[in-house]
Amino acid sequence: MRSPRPPFVWLLDKECRELVVSRSWWVLLIAMPPLVGVAFISAVRTYAEVSGLNGTSAGVGEALSPLIGVWAPAFSACELAAVFLLPFVAIRLVAGDRQSGALKLELQQGLSPLARIAAKALVLLAGWLVAMLPPLSAILLWRLYGGSVYAPELATLTAGHMLNAGLTIALAAAMSALTEHPSTAAILTLGVTVGTWILNFIGAVQGGFWERAAGYTPAAMVAEYQHGLLRLDTTLVALVLILAGLTVAAVWTRLGVQVRRRVYESLGIGALAAAGIFACTFLNASWDTSQSRGNSFPEADERALARIHTPLIVEVHLAPEDPRRVDLEHRALSKLRRVMPHLQVRYVSATSIGLFEQTGAGYGEIWYDLGGRRTMSRVTTAEGVLETIYSLAGIAPPVENDDEAFRGAPLAAPPKGAGTIFYGVWPGVILASGLLVRRRFK
Amino acid sequence: MLFEVHGLCKRFGEIRALEDVSFHVRAGEVLGLIGPNGAGKSTLFECLAGVLPCDSGTLRAQGQPVGTGGRRSLLFYVPDGIAPWPAQPVGWALDFTIGFLGGRAALREQVIDQLDLRALLPQPIGTLSKGQRKRALLGIGLLTSQPALLIDEPFEGLDLRQARDIASALRSHAGRGRTLFLSIHQIADAARFCDRFVLLSSGRVCGEGTVPELAALAAARGAAQAGPDLEEVFLALT
């Protein structure tokens, strides 16, 4: 009599068992609470001080958002773990079957290699979710202190870290399948991660295409989610990369297939993924889920800007590493792109740092062209940029609505009990669970 | 006939591991693949099971070519020297074989008793000795439901008593119609246990048949010294 459970469920069960006995996963679990604890305690303390604790002038914290002040640093432990610990968990789970010879038995079952890799990825994501329990428990602690919690921004932040973990898992799976030995897979996985950091660096220095490409690296993607910005293009690019990584892993996990065919299939997957990514870059939809609307102009301004249908061209004479350019991009242009999808921004500079261009008459100029009407400004603040555009469009700036403005959610409470929870309770619970599992499997 | 193999070739770079290998497998027989170390026995099994891609050659069942995908319902291959799912207990591995690999649940207890696995059921596979691991692997193979079972070195790592018990267990499964194709490098073991033989040397088939058939073949090739002993026949033909 055959088992009533479908083979895929058996596979999930097997992968769960393999994950639970994996030491690398327990190392990941035990490392998370102290990492989160350090970041959370430090963030809450600073937040409390800025909010008026210990005699600091109250009111400074009005502009503080828990997302930026507490959650982004507290969840940064996930980013560290995703780069330095999660790859080893994934490599162990994917390469283990080949190392032990189990792959030769399992592949005779006939289940598609993609389903096998999908089972591993699902279990790894579940394992990652367990590893994210300490940062998620920090939310409960924050609530107990009386802190404000805005669910959409926290959901976005969590989704960003899940996507980042998905990228790591897909990359590690592909490398494990491509290489014969897990140590080689680990080196290559970390190599690709370092490669994305180099891309970020080149993007910051060179600007242009590199800057655009750097916007799709995991680090850049997580940074956006940390600010509560949910962009359709970056999300889809991440999903395409995850799918491509897992498919390449499936191609190279198959047995009995000539290497040449696998190479062609991998190249095909690479080409499809590249086309998919290219197509995704044309999608402009994005959602600002932050309570502070930190990624958007005030609603009145957005309504006013939406009425301008003439294409706007902005020519910025600032070097990539000039702080004014960074200010302009983050405070104004990134917000403007969300409201005016047809906005064209051209950066013009002869050098990367701009130090020796300062003497040039045109350096620092920002030219605005709205349907042939041109004006120049050197202001890089959001207010200055909006004022210039309104003036060029010939529309009156909207009246500021104080009720709409985010007043912040200050909290002058010390991180009471957080040390006990993150340095004592969580490690204790994880150690006890580890011992129980070990006893069960021995 | 269960299946026949024709013109199988496999190269690793410049090395010809298998060269025009052809033979046939009858339903319900115990067929021994005999050859010295490095003859290409494991490579042949891996090519047949679709674990390794072969360069050319076909496998036919009922006159029809069977692709790699189709072989999954025809044969199951148990490799030598592997320790699958090392952290999982033997009992779980047998259940996984039944559940995931579509094994026969009705045979579970019988296989456990035949291979003396009961005491090993709670032990993780990675902690087993070589012989214990071999028995666990044989248990996995015997539980599968394909008509043909290919086992690479079934007696490797077993002591004399265990080898005899295992041989008896394998024979009982063959008696119920299961076709066993066993790769054995110890010719004396093979001679005691198998019905027919495929002799493999340096990737080539040197002969196929029962001991008398092989002896006749050796005689026909002018090897006057070949007697009814498989070792002598093997030496004469290779």
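The values are calculated or read from the model by the stated rules, or taken from the named source; none is laboratory data. These numbers were taken from a predicted model, which means no experiment stands behind them. So basically every Cβ, Gly included, is an ideal-geometry build from the backbone, and we count neighbours across all protein chains shown.
Observations
- Sub-7 Å Cβ pairs linking a first residue in segment A:97-115 that is surrounded by fewer than 20 Cβ atoms within 10 Å (Cβ to Cβ) to a second residue that is polar (S, T, N, Q), at least 6 apart or interchain, are A:Leu114/A:Thr247, ordered by first then second residue.
- If you go through segment B:17-39 and keep only what is surrounded by fewer than 22 Cβ atoms within 10 Å (Cβ to Cβ) and farther than 16 Å from B:Leu150 by Cβ, you end up with B:Glu19, B:Asp20, B:Ser22, B:Pro36, B:Asn37, B:Gly38.
- Qualifying residue in segment B:9-16 (condition: buried (at least 19 other Cβ atoms within 10 Å of the Cβ) and over 12 Å from B:Val198 (Cβ atoms)): yes
- Check on A:Thr184, β-branched (Val, Ile, Thr) and buried (at least 19 other Cβ atoms within 10 Å of the Cβ): no
- Scanning segment A:340-370 for residues that are among the small types (Gly, Ala, Ser), loosely packed, with under 13 Cβ neighbours inside 10 Å and either in contact with a helix residue (DSSP H, G or I) (Cβ under 8 Å, 6 or more places away or on another chain) or under 26 Å from A:Ser286 (Cα atoms) (or both) returns a single hit, A:Ala350.
- Matching residues in segment A:350-378 - criterion: being over 15 Å from A:Arg324 (Cβ atoms) and either in the same structural domain as A:Ala204 (by TED's automatic domain parsing) or of a type outside the set (Asp, Glu) (or both): A:Ala350, A:Phe356, A:Thr359, A:Ala361, A:Tyr368, A:Leu370, A:Gly371, A:Gly372, A:Arg373, A:Arg374, A:Thr375
- Check on A:Gly160, buried (at least 24 other Cβ atoms within 10 Å of the Cβ), in contact with a helix residue (DSSP H, G or I) (Cβ under 7 Å, 6 or more places away or on another chain) and not assigned by TED's automatic domain parsing to the domain that holds A:Ala319: yes
- Number of the condition not met by B:Ala106 [criteria: (1) hydrophobic (A, V, I, L, M, F, W, C); (2) assigned to a helix (DSSP H, G or I); (3) within 12 Å of chain A (Cβ to nearest Cβ); (4) touching a residue at least 60 places away in the same chain (Cβ under 8 Å)]: (4)
- Per this entry, B:Leu158 is not counted among residues that are assigned by TED's automatic domain parsing to the domain that holds B:Val30, in contact with a helix residue (DSSP H, G or I) (Cβ under 6 Å, 6 or more places away or on another chain) and at pLDDT 95 or above.
- Counting only helices (runs of 4 or more DSSP H) wholly contained in segment A:53-153, the ones carrying 1 or more residues that are more than 14 Å from chain B (Cβ to nearest Cβ) and in contact with a Lys or Arg (Cβ under 8 Å, 6 or more places away or on another chain) occupy A:86-100, A:133-145.
Yes or no, residue by residue, for (1) assigned to a helix (DSSP H, G or I); (2) of a type in the set (Lys, Arg); (3) within 15 Å of the chain's Cα centre (by Cα):
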{"residue": "A:Val248", "(1), (2), (3)": "yes, no, no"}
{"residue": "A:Ala279", "(1), (2), (3)": "yes, no, no"}
{"residue": "A:Arg293", "(1), (2), (3)": "no, yes, no"}
{"residue": "A:Asp301", "(1), (2), (3)": "yes, no, no"}
{"residue": "A:Thr310", "(1), (2), (3)": "no, no, no"}
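- The lone exception for B:Thr58 - which of (1) in a strand (DSSP E or B); (2) under 14 Å from B:Gly203 (Cα atoms); (3) among the polar types (S, T, N, Q) it fails: (2)
- Flag if A:Ala273 is under 30 Å from A:His342 (Cβ atoms), surrounded by 13 or more Cβ atoms within 10 Å (Cβ to Cβ) and aliphatic (A, V, I, L, M): yes
- Of all the residues in segment B:30-57, those that are away from chain A (no Cβ under 14 Å) and over 12 Å from the mean Cα position of the chain (by Cα) number 6.
- Residues in segment A:303-339 that are over 22 Å from A:Ala220 (Cα atoms) and surrounded by fewer than 18 Cβ atoms within 10 Å (Cβ to Cβ): A:Arg303, A:Ala306, A:Arg307, A:His309, A:Thr310, A:Pro311, A:Ile313, A:Glu315.
- Evaluated against (1) hydrophobic (A, V, I, L, M, F, W, C); (2) within 24 Å of the chain's Cα centre (by Cα); (3) over 30 Å from A:Ile41 (Cα atoms), A:Ala138 falls short on exactly one condition, (3).
- For segment B:117-140, the condition of being within 12 Å of another protein chain (Cβ to nearest Cβ), crowded, with 18+ Cβ neighbours inside 10 Å, in contact with a Ser or Thr (Cβ under 6 Å, 6 or more places away or on another chain) and part of a helix (DSSP H, G or I) holds for at least one residue.
- Residue within segment B:186-196 that is touching a Leu at 6+ places or on another chain (Cβ under 7 Å), within 14 Å of chain A (Cβ to nearest Cβ), surrounded by fewer than 24 Cβ atoms within 10 Å (Cβ to Cβ) and not polar (S, T, N, Q) present: no
- Residue pairs meeting the criteria (Cβ under 6 Å; at least 6 apart or on separate chains; first at positive phi, in segment B:3-17; second in a strand (DSSP E or B) and buried (at least 16 other Cβ atoms within 10 Å of the Cβ)): B:Gly7/B:Gly57
- Pair list, Cβ < 7 Å and 6+ apart or interchain, from segment B:65-91 residues that are at positive phi and more than 9 Å from every other protein chain (Cβ to nearest Cβ) to residues that are surrounded by fewer than 18 Cβ atoms within 10 Å (Cβ to Cβ) and outside any loop (DSSP other than H, G, I, E, B): none
- Inclusion of B:Arg192 among residues that are over 21 Å from B:Leu44 (Cα atoms) and not assigned by TED's automatic domain parsing to the domain that holds B:Asp20 is not warranted.
- Positions within segment A:335-361 being of a type outside the set (Val, Ile, Thr) and part of a helix (DSSP H, G or I), in sequence order: A:Lys335, A:Leu336, A:Arg337, A:Arg338, A:Leu355, A:Phe356, A:Glu357
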